[in-house]
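Reviewing the structure listed below.
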Amino acid sequence: MKKYKFVKINYKGFGDWGWWLKIESIFQLYDWYFDTKAMRIGGDVLDFLSSKEFHYLVSNEPPCKNHFRTEYGQMLLYEAMKEEKVNLSSLIDFLSHKIMDGKIESLAKGYILYVNKVGGYSPVKKGEINKFEEIDFVEKDECIFPEYIDKDIKIYQWFGAKHWYAKIGDVDVVIDGEQKWNTYDQAKISATKFLKGL
């Protein structure tokens, strides 16, 4: 059974840096990626494809009024501008590589990765004296950072859809295989239980 190890970091000279996910193997890295980033990439690409910027790029006449709303939108725009013809699979592949390549290389060179809740990371050489001091740790079944609280729950509904979904950070709330709820309140209650590990 997979476990996520979160460590609280004291960065010597700078104080408390909060909770970070500690990744020591390629298997742990892929668990993190597939539980947090893989689904998000697809959503970010779809958001970009329905944005004003994308439609200007391909037709000069935007049928929509929304700008992209995701953190990877600017990267996708830059990559799409380099292409003569925009290819959905190449955009997804581009984002996957951007997120994973440096992390894989660091692990291969014998580094431990400390990943923050937005996906940024600090590689630290195993056995090397460094400024990262682990002052506490917790292991969890889900990739939910220990400092997340109720205000970090995001409840959303896709445009034109009738069901509600929930996220905590980058993690989709899934309870006993159920990922969508009929009402906002049902989604909120389920996400709160998920957060508290009930």
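In this structure, S96 and I149 have a Cβ-Cβ separation that, at R0 = 30 Å, corresponds to a calculated FRET efficiency of about 0.50. Remark: spin-label model distance H163-Y184 equals 2.0 nm, labels positioned 7 Å along the Cα→Cβ axis. Subtracting the Cα-Cα distance of N116 and K85 from 0.36 nm times their residue separation leaves 7.7 nm of extension gain.
Exceedance of the 21 Å cut-off in Cα-Cα distance is limited, within the set K12/K125; K52/K103; K22/K125; K2/K22; K154/K196, to K52/K103.
Applying 1/(1 + (r/R0)^6) with r as the Cβ-Cβ distance of K52 and T192 and R0 = 45 angstrom yields a FRET efficiency of 0.80. A crude spin-label estimate for the pair K109 and V174, with each label 7 Å from Cα along the Cβ direction, gives 3.4 nm.
Counted over segment 148-198 with a bin width of 10 Å, the fraction of Cα pairs per bin, in whole percents, is 28, 60, 12, 0.
FYI, it's all coordinate maths here, none of it is from the lab. Quick caveat: nothing in here was measured; it's all calculated off a predicted structure. As a convention, Cβ positions derive from the backbone with ideal geometry for all residues, glycine included, and neighbour counts pool all protein chains shown.
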